[in-house]
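Participant: My questions all concern the structure below.
The values are calculated or read from the model by the stated rules, or taken from the named source; none is laboratory data. Please read all numbers here as calculations on a predicted model, not as lab measurements. Virtual Cβ from ideal backbone geometry, glycine too; neighbours counted across all protein chains shown. When the accessible area is computed, the model is the full protein with side chains, heavy atoms only, and any ligands, DNA or RNA have been set aside. Shrake-Rupley method; radii C 1.70, N 1.55, O 1.52, S 1.80 Å.
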Amino acid sequence: NVNDYKNLAIYSNRNQQMTAELKKQSDAERNEVFDEILEEKKAESDRIKIIVAVLFFVILITVFFVLGYRRRSNLLAAQKKTIEKKNAELEILTNDLSISNKTIQKTFSIISHDLRNPFQTLLGYTSALAEHYDELTAEKKLSYVKSIRKAAEENYNLTQSLLEWSLKQYQGFELKKFPENLHDLVAHSIKSLAGFTEFKNLKIKNEVEDTSLMIDKEVVATIINNLLTNAIKFAKKD
């Protein structure tokens with residue numbers, strides 16, 4: 001009937017209105033949920049950006065410190081090598097200085113040793129001449145004067161040889177070998193000490209063979225002079 005159709009139409013309109021309202025409410029709630037999700041996503045994105053920025057900053061600082069440490073390590077290594085090189089050079093200089101000091105001591109020791117006895121010969125002749133001048137004959141005085149001159153010449157030659165030898169010491173003691181006659185070297189050494197042997201009334205016989213050897217003349221001559229000087233020094237008179 002008509003009333004039923006009217007009631008049905010009213011009921012249908014009401015349902016449509018309620019459905020529209022529910023749909024509006026559902027859309028509003030859906031939009032609100034969507035906005036909340038968007039807000040959460042945005043907040044999460046912001047947090048990720050902050051974390052990434054912090055991580056980048058930490059990595060940057062770490063790289064900076066690593067590079068700085070590596071550069072400092074390289075610098076320290078270079079300084080260590082420089083110090084080690086300087087220490088090695090200083091050690092070489094110290095050794096050279098020690099060798100030089102020992103050479104100086106040895107040189108002066110040998111020079112003073114080898115020159116002391118010949119000068120004693122000069123002192124002996126001059127003392128005898130000064131103390132007994134009036135008692136000596138003219139012939140004896142002349143003999144003493146000749147002996148003094150001879151001893152002075154021998155001392156000069158001996159001093160020259162010692163100075164040449166000492167110069168070799170300072171130049172690094174490089175041996176320069178040439179053919180030399182050993183008998184002649186001994187004869188020359190005996191002659192250079194003749195004043196000393198005459199003063200003590202000694203005789204030295206040269207029995208060295210007439211042999212040619214490859215030797216350094218100054219070095220061997222210094223050794224021979226040193227041996228003969230000691231022999232004359234400790235020998236008794238006559």
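Participant: Quick one: would you say S143 is of a type in the set (S, T, N, Q), more than 21 Å from L115 (Cβ to Cβ) and either in contact with a Leu (Cβ under 6 Å, 6 or more places away or on another chain) or in a helix (DSSP H, G or I) (or both)?
Facilitator: So S143 passes the test.
Participant: Name the pairs: first residue in the stretch 216-232 and within 22 Å of F178 (Cβ to Cβ) and open to solvent by 30 Å² or more (accessible area, probe 1.4 Å), second residue outside any helix (DSSP H, G or I) and at pLDDT 85 or above, Cβ to Cβ under 6 Å, at least 6 apart or on different chains?
Facilitator: Between residues of the stretch 216-232 that are within 22 Å of F178 (Cβ to Cβ) and open to solvent by 30 Å² or more (accessible area, probe 1.4 Å) and residues that are outside any helix (DSSP H, G or I) and at pLDDT 85 or above, the close pairs are K217/E180.
Participant: Hey, among L60, L55, L93, which residue is open to solvent by 90 Å² or more (accessible area, probe 1.4 Å), of a type in the set (A, V, I, L, M), under 30 Å from L163 (Cβ atoms) and part of a helix (DSSP H, G or I)? Walk me through how you get there before you give the answer.
Facilitator: Values: L60 fails: under 30 Å from L163 (Cβ atoms); L55 fails: under 30 Å from L163 (Cβ atoms).
That would be L93, the only listed residue that is open to solvent by 90 Å² or more (accessible area, probe 1.4 Å), of a type in the set (A, V, I, L, M), under 30 Å from L163 (Cβ atoms) and part of a helix (DSSP H, G or I).
Participant: Sticking with this one: Taking the stretch 191-201, which residues are open to solvent by 30 Å² or more (accessible area, probe 1.4 Å) and under 12 Å from L228 (Cα atoms)? I'd like the intermediate steps shown before the answer.
Facilitator: To start, the set of residues in the stretch 191-201 that are open to solvent by 30 Å² or more (accessible area, probe 1.4 Å) comprises 191, 198-199, 201.
If the condition is that a residue be open to solvent by 30 Å² or more (accessible area, probe 1.4 Å) and under 12 Å from L228 (Cα atoms), then K191 is the only one that fits.
Participant: Just give me the residues in the stretch 175-194 being in a loop (DSSP other than H, G, I, E, B) and either β-branched (V, I, T) or in contact with a helix residue (DSSP H, G or I) (Cβ under 8 Å, 6 or more places away or on another chain) (or both), in sequence order. Can you show your working first?
Facilitator: In the first step, residues of the stretch 175-194 are kept if they are in a loop (DSSP other than H, G, I, E, B); the result is 175-177, 193.
L175, L193, listed by residue number.
Participant: Shifting gears a bit: Of the residues I83, I104, I92, I148, which single one is among the hydrophobic types (A, V, I, L, M, F, W, C), more than 19 Å from L228 (Cα to Cα) and at pLDDT below 80?
Facilitator: I104
Participant: May I pose another question? What residue, among those in the stretch 149-165 that are touching a residue at least 40 places away in the same chain (Cβ under 8 Å) and over 41 Å from the mean Cα position of the chain (by Cα), is surrounded by the most Cβ atoms within 10 Å (Cβ to Cβ)?
Facilitator: Per the criteria, the residue is A151.
Participant: Just to check your reading of the model, which residue among R71, R116 is among the charged types (D, E, K, R), closer than 18 Å to F196 by Cα and either in contact with a Leu (Cβ under 7 Å, 6 or more places away or on another chain) or part of a helix (DSSP H, G or I) (or both)?
Facilitator: Being among the charged types (D, E, K, R), closer than 18 Å to F196 by Cα and either in contact with a Leu (Cβ under 7 Å, 6 or more places away or on another chain) or part of a helix (DSSP H, G or I) (or both) holds for just one of R71, R116, which is R116.
Participant: Pick from Y69, Y125: which is open to solvent by 100 Å² or more (accessible area, probe 1.4 Å) and at pLDDT below 85?
Facilitator: So the residue among Y69, Y125 that is open to solvent by 100 Å² or more (accessible area, probe 1.4 Å) and at pLDDT below 85 is Y69.
Participant: Scan the stretch 195-238 for residues that are modelled with pLDDT under 85 and not in a helix (DSSP H, G or I) and jot them down.
Facilitator: K200
Participant: Which numbered condition in (1) farther than 30 Å from E153 by Cα; (2) open to solvent by less than 100 Å² (accessible area, probe 1.4 Å); (3) under 36 Å from the mean Cα position of the chain (by Cα) is the only one that I110 fails?
Facilitator: (1)
Participant: Next up: Restricted to the stretch 159-178, and to residues that are within 24 Å of L97 (Cβ to Cβ) and among the hydroxyl-bearing types (S, T, Y), which residue is modelled with the lowest pLDDT?
Facilitator: Y170
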